[in-house]
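For reference, the structure is listed below as C-alpha cells.
The values are calculated or read from the model by the stated rules, or taken from the named source; none is laboratory data. Bear in mind that the values here come from a model prediction, so they are computed numbers and not experimental data. Cβ placement follows ideal geometry from the backbone for every residue including glycine, while neighbour counts extend to all protein chains displayed.
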Amino acid sequence: MSMPARRSRSGIVRRGCGGVSLVEVIAFIVITSVVVVGLLAGMSGAVRTAPVPREMHQGLQLAQGRMELILAQRSLPAGFAGFTAATFDPCAPPGGAQEACLAPTNYTVVAPCFYTGAGTCAFGAANTCMAGLVDYKCVRVRVTGPGGTILAELDAIVANY
C-alpha cells in the first residue's frame, strides 16, 4: 500500500499583527507634543511683536495721505522744476501746521525722503531712482506707530512729463 500523496496547499501565512505597541504610542505623543509646543512658542512670539491690523491700517492711511499731499505739489504752477528737496513736502516746517499734516498720538510720519539718482534717505537705506535719469524724482514716506514699529512705507516716482 502506498501512502496517499500529500497535496501541498498554497495559502497566505498569517503572521501575528497585533497593532501598535504602547511604547510606540507614547513615543508618538511625546514627539508630537514637542513639535506642537515649539510651533506655538514661535507663533506666539511673532504675534506679540507684529503690529495690530488696526494700527497697520491707520499707518497706511497716514502714509497715503502724506504721499497724496506730496504728489499734489507736482501740479503747482512751478511744476516739475519746482518739485525739489526743499519744496516737495508741504508738511515740513514752517508751513506744516495744517490739519492734513497732523498725525494721531503715538503715530509719526517720518520726514519723507526725496532723492534723485543714487542717494541715501534719512531712513539709512541706499536708494536708486531710475538709474539717475534727470527726468525722474523719487519720494519715500514712512509711518511708525506705537512702540516705534514701522507700519507703512510708500515709494513714488515723479516724472517730468
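Results, tabulated for the structure shown:
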| read-out | value |
| --- | --- |
| The listed residue being under 30 Å from TYR161 (Cβ atoms), part of a helix (DSSP H, G or I) and modelled with pLDDT under 85, out of GLN61, GLN73 | GLN73 |
| Scope the stretch 1-55; condition at pLDDT 75 or above and not in a helix (DSSP H, G or I); matching residues | GLY19, VAL20, SER21, VAL52 |
